[in-house]
Structures are given as C-alpha cells and as structure tokens.
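The values are calculated or read from the model by the stated rules, or taken from the named source; none is laboratory data. None of these values were measured; they are calculated from a predicted model. Note that we place each Cβ from the backbone using ideal geometry, even for glycine, and neighbour counts take in every protein chain shown.
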Amino acid sequence: MARMEHALRESDALRRALRQAMEERDRGEHSLGAIWRRERLTCPTREDLSSYLFQVHDEGRQAYIDFHLQTVGCPYCTANLADLRARQKETEGQTKERRKRFFTSSAGYLQVCRDQRASDRKTSGGSQGYTNGGEPGAWSRLLKKYGSKS
Ligand SMILES: [Zn+2]
C-alpha cells in the first residue's frame with residue numbers, strides 16, 4: 001500500500017489510470033488487485049520508461065518495453081509514459097530539473113505532514129490530533145498543492 005501511495009503521489013496520469021482501472025473493475029472486467037499484481041511484476045521502472053523514451057536502451061530492452069506497452073497494453077506503464085512524455089515536452093532534455101522537482105515535492109510532502117501534526121497538537125490539545133496522524137488532511141493539501149501541476 002505504501003508503494004502504491006508513493007507512486008500515486010508521483011503521477012497525475014497514474015491517478016487517472018487507477019480511476020480508470022477502478023471503473024473497469026466496477027464493470028466486472030478486471031480486479032484492480034489482480035491487474036496490479038499481474039502487471040506490475042513485469043513492469044519496467046519509471047527510469048526504464050524514461051530511457052525508453054530517450055531511446056537509450058539496447059535493442060532487446062527497447063523491444064521488451066515496446067512489447068509491454070504495445071502488446072500487453074499495460075495501463076500503468078502507458079499512463080506513466082504519457083506522464084513522462086508530457087514532462088519531456090515541458091523540460092526538453094532537462095532530467096536534472098525533473099529529479100529536482102521530484103525531490104522537492106517529496107520534501108514538501110514531508111513538511112506538510114509535519115506542519116499538520118504540529119497544528120493538530122495546537123488546535124486539539126495533545127494526543128487526540130496525534131492519533132489521527134494528520135494524514136488525510138496532509139494528503140488533500142498535497143493534492144491541492146501539487147496535484148494540478150502536470
Ligand atoms: Zn507495465
């Protein structure tokens with residue numbers, strides 16, 4: 001679950017893909033859990049997809065990812081690749097900038113969590129706010145702050 005949330009924080013496109021997968025599940029076509037377990041086992045990493053996009057893999061790896069996207073039609077990686085393409089357009093060739101943004105938003109998320117906990121303690125007086133952990137509030141604030149950018 002933590003890995004899923006981490007990935008979801010990283011990508012708007014992924015959130016859309018998840019929503020789509022959930023809609024498919026509701027129509028009875030797939031089980032979301034089954035898709036996740038089945039597809040993610042063979043999925044290239046985001047770095048892999050990025051290299052694929054820049055065509056720097058050797059022929060075999062390039063062909064594998066091609067197969068994974070075109071033939072398997074993995075919704076996760078298709079969404080991930082679309083997100084990478086959009087970012088590539090934004091910052092043509094500037095991978096450093098992209099990494100910096102990722103780390104900045106991670107740090108921002110942690111800061112939001114800490115702020116939330118601190119203000120919970122102040123407003124609700126001690127342990128009550130702390131047992132909530134502040135996560136839902138922090139989560140929605142994060143979405144507001146970073147969710148509409150890509
Ligand atoms: Zn995949």
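Just name the residue that is nearest to His6 (Cα to Cα) out of those in segment 40-73 that are surrounded by 10 or more Cβ atoms within 10 Å (Cβ to Cβ), more than 12 Å from the ligand (Cβ to nearest atom) and among the polar types (S, T, N, Q).
Among those residues, the one meeting the criterion is Ser50.
Among the listed residues Ile35, Ile65, which satisfies the condition of being of a type outside the set (Ser, Thr, Tyr) and modelled with pLDDT under 65? Break it down into steps so the answer makes sense when it comes.
Details: Ile65 fails: modelled with pLDDT under 65.
Answer to the selection: Ile35.
Going by the conditions given, is Gly93 over 26 Å from Arg15 (Cβ atoms), modelled with pLDDT under 85 and not in a helix (DSSP H, G or I)?
Against the criterion (over 26 Å from Arg15 (Cβ atoms), modelled with pLDDT under 85 and not in a helix (DSSP H, G or I)), Gly93 qualifies.
Can you say whether Ser124 is surrounded by 13 or more Cβ atoms within 10 Å (Cβ to Cβ) and at pLDDT below 70, as far as the supplied structure shows? I'd like the intermediate steps shown before the answer.
On the way: surrounded by 13 or more Cβ atoms within 10 Å (Cβ to Cβ): yes; at pLDDT below 70: yes.
So Ser124 passes the test.
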